[in-house]
Amino acid sequence: MSNEECRPFRIWIVSGPSGSGKTTLCEAVLKDKAFKNRLLRSVSVTTRALRPGEREGRDYHHVSERKFLSLIRRKALLEYENIFGFYYGTPKQIIVDAQAAGKDVLLCVDVKGAQTIRKFFGKKATSIFIKTPHLKTLSERLKKRCTEDKKEIEKRLKRVKIELSYSKKYDHVVVNDHIDKALEKLKSLLT
Ligand code: 5GP
């Protein structure tokens, strides 16, 4: 391994239930030039369909189940999970790209994926859990964003309790009550 490949880098894992605002917060962090220069956000691979407002290759790489299974077979994924009946996975390539660019990695994954990454990278990984102060806020946010139908929203709300039970396993918890305050807190953790 060359010196460049050995350069220490960090993995920042961000998780939180649907509607917690984790995606908005991560996007806001990456809009800040100081963080953009330091962090590389992993674009996950998924079999879920593109949602309105999403762009292929920016939010996710959308692939068929057949393609996803071939990525698993080829050991191209750091971790993967089946969530809400769809596959989601982190490409291993992100580690190579981040090291080549001299950047840290920002991963937005579910609670189980976070555990896998944490186990694999040990102290190189820091995990941050984003949550809202009340469950009611989550369901209101999910209904407001109108990207899922009623059945999908119900599925996601059922999963919230399981996800919240994992929050104790995280290094840090950010309560997203006011977006500006949560963003400041997240930035301070990433610094
Ligand atoms: P959504 O469909 O709302 O974009 O994402 C559903 C869940 O999948 C979220 O909890 C999100 O963090 C998680 N997720 C997205 N990408 C990955 C991934 O690569 N691996 C894992 N384990 N979870 C992911």
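Quick check on my filter: what residues within region 136-149 are open to solvent by 50 Å² or more (accessible area, probe 1.4 Å) and within 16 Å of the ligand (Cβ to nearest atom)? Lay out the reasoning, then the answer.
Of the residues in region 136-149, the ones open to solvent by 50 Å² or more (accessible area, probe 1.4 Å) are 136, 140-141, 143-146, 149.
The answer is Arg141, Lys143, Lys144, Arg145, Cys146, Asp149.
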Please work out if Ser188 is open to solvent by less than 100 Å² (accessible area, probe 1.4 Å), part of a helix (DSSP H, G or I) and free of Cβ contacts under 8 Å to residues at least 24 places away in the same chain. yes
Does region 46-57 hold any residues that are within 11 Å of the ligand (Cβ to nearest atom) and either under 11 Å from Phe86 (Cβ atoms) or free of Cβ contacts under 8 Å to residues at least 24 places away in the same chain (or both), and which are they? Thr46, Thr47, Arg48, Ala49, Leu50, Glu54
The listed residue being closer than 25 Å to Lys161 by Cα and either near the ligand (Cβ under 10 Å from one of its atoms) or of a type in the set (Val, Ile, Thr) (or both), out of Gly21, Gly89, Gly85: Gly89
Residue check for Ser127: under 29 Å from Lys103 (Cβ atoms), part of a helix (DSSP H, G or I) and among the hydroxyl-bearing types (Ser, Thr, Tyr): no
Looking only at region 156-185, how many residues end up being in a helix (DSSP H, G or I), open to solvent by 60 Å² or more (accessible area, probe 1.4 Å) and within 17 Å of Ser18 (Cβ to Cβ)? 5
Of everything in region 44-77, what is surrounded by 12 or more Cβ atoms within 10 Å (Cβ to Cβ), out of contact with any Asp or Glu (no Cβ under 7 Å at 6 or more places or on another chain) and aliphatic (A, V, I, L, M)? Give them in sequence order. Val45, Val63, Leu69, Leu71, Ile72, Ala76, Leu77
Can you find a residue that is open to solvent by 80 Å² or more (accessible area, probe 1.4 Å), within 13 Å of the ligand (Cβ to nearest atom) and of a type in the set (A, V, I, L, M, F, W, C) anywhere in region 108-130? yes
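Would you mind stating whether Tyr60 is more than 14 Å from Ser18 (Cβ to Cβ) and within 12 Å of the ligand (Cβ to nearest atom)?
Working: more than 14 Å from Ser18 (Cβ to Cβ): yes; within 12 Å of the ligand (Cβ to nearest atom): yes.
Answer is yes for this residue.
The values are calculated or read from the model by the stated rules, or taken from the named source; none is laboratory data. The model shown is predicted, which means the values in this text are computed figures rather than measured ones. Quick reminder, even Gly has a Cβ in these numbers, built from the backbone with ideal geometry, and neighbours come from all protein chains shown. Remember, those area values only see protein heavy atoms, side chains included, never the ligands or the DNA or RNA. Shrake-Rupley method; radii C 1.70, N 1.55, O 1.52, S 1.80 Å.
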